[in-house]
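Colleague: Below are the structure tokens for one structure; questions will follow.
Please treat every number below as a calculation from the coordinates, not as lab data. In this text the structure is predicted, and so the values were computed from the model without any measurement. Glycine also receives a Cβ, built like all others from the backbone with ideal geometry; neighbour counts cover every protein chain displayed.
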Amino acid sequence: MKTLSIVTAALIAVAGVASAQSVPVLSSVAATTLSTLAPTVDAGSLSAIQIAELNRAAVSSEGLQASDLYSILRN
């Protein structure tokens, strides 16, 4: 019984952490740049890591360059 309680508590904790993580959204700057540089890329197929990298690069001092975009999309 004690084991069942511990397992249940662990499952609840893991489920709570998983639901607390938010899915990143492409910023408007990154979305505009993406549609300009690579209009055939489906933004819905991007991974969370790719979205985060695109958002970060889009607001950097250099902006999102084509070479950066293709590097992010390959990885």
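Colleague: Scanning segment 19-52 for residues that are among the hydroxyl-bearing types (S, T, Y) and outside any helix (DSSP H, G or I), which turns out surrounded by the most Cβ atoms within 10 Å (Cβ to Cβ)?
Modeller: In this case the residue turns out to be S27.
Colleague: Taking the residues in segment 61-75 that are over 16 Å from the mean Cα position of the chain (by Cα) and exposed (fewer than 11 other Cβ atoms within 10 Å of the Cβ) as candidates, determine which candidate is nearest to S35 (Cα to Cα).
Modeller: S67
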